[in-house]
Amino acid sequence: MAKSAATTCFAFHQVNPEETKLFTVRPGVPASDALEAASCFMDVALSLCKGIGSLSDDDVRAGMACDLRQTAFASLFLLEMAKAVVDSIEVKA
């Protein structure tokens, strides 16, 4: 008997101290499709982080702190989405 894998309902992105989650991974998405999306999220996050890492100290001192913060948070959100997708996958017999 072949095993199938798909996403389950999985809430993520805490928005308050009560740990209310804002977003949910949709259940029933085939694992291969979900993992491809997660890989794309991680690829973009990696590219953003590499961009931050390649900045010189002069770039940072030149007032790029706001841009760095926005890029860091964009990377964080992309990684959070990718993790939620991977964590939502369930294999069924």
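The values are calculated or read from the model by the stated rules, or taken from the named source; none is laboratory data. Values in this document were obtained by computation on a predicted structure and should not be read as measured data. Note: ideal-geometry Cβ built from the backbone for every residue, glycine included; neighbour counts use all protein chains shown.
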| message | Take LEU35 and tell me if it is free of Cβ contacts under 8 Å to residues at least 12 places away in the same chain, out of contact with any Leu (no Cβ under 7 Å at 6 or more places or on another chain) and hydrophobic (A, V, I, L, M, F, W, C). | response | no
Among strands (runs of 3 or more DSSP E) entirely inside segment 1-92, those with 1 or more residues being in contact with a strand residue (DSSP E or B) (Cβ under 7 Å, 6 or more places away or on another chain), exposed (fewer than 13 other Cβ atoms within 10 Å of the Cβ) and modelled with pLDDT under 95 are 4-7, 89-92
